[in-house]
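Here the structure comes first, spelled out in structure tokens, and everything after it is commentary.
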Amino acid sequence: MKYTVSIEIALPRERAVQLLADPAHMPMWLRGLVLHEPLSGVHGQVGTKSRVVMQMGQQKFEGIETITRREPEDLHGIPKESVVHFEREIVGEGMWSATRDRFTEAGPDTTLWVSENEYRFSGLLMRLVGLLMPGAFRKQSLQHMQDFKAFAEQGEDVREAKD
């Protein structure tokens, strides 16, 4: 299953990417995050592996995230026409996913975040989930992006939100 979602954030690209990449901020915008624990490498750098635990309703998911691409590595002085790439894979029981995020300047103080997502499922139960609920994955990705936008622009914290 593949899909693409996007959102504009009212912040300069460099600032938006810095906030997104900072692990200290993840609990404030990544709804359902229980744990994001580095296992090897430096957070956000290519090759870094982290244990990720997410809670979605009654379902808990645990997987290993690997950063597969980050370009450029240094965000300072990037030309406006350049695209910032941040890509990662997550492998868990019955599932593999890849997220390819691109950040471009949409205006002087606006960033366009485009996220391409791909999921592959194994095992009968996970394949059924993928077949029966493809919209739920897209909806969740868009919710994470909207939560990040609210955090980055207004300082909203999903842990304080009333659902």
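The values are calculated or read from the model by the stated rules, or taken from the named source; none is laboratory data. These figures come from a predicted structure and were not determined experimentally. Note that we place each Cβ from the backbone using ideal geometry, even for glycine, and neighbour counts take in every protein chain shown.
Within region 57-92, the set of residues being farther than 25 Å from Thr4 by Cβ, part of a loop (DSSP other than H, G, I, E, B) and among the acidic types (Asp, Glu) comprises Asp74 only. A residue that is touching a Pro at 6+ places or on another chain (Cβ under 6 Å) and either part of a strand (DSSP E or B) or within 25 Å of Ala150 (Cα to Cα) (or both) can be found somewhere in region 38-56.
When Leu112, Leu128, Leu124 are screened for being more than 27 Å from Ser40 (Cα to Cα), modelled with pLDDT of 80 or more and not acidic (Asp, Glu), only Leu112 passes.
Comparison of Gly44, Gly63, Gly32 shows that the only residue that is buried (at least 16 other Cβ atoms within 10 Å of the Cβ) and in contact with a His (Cβ under 9 Å, 6 or more places away or on another chain) is Gly32.
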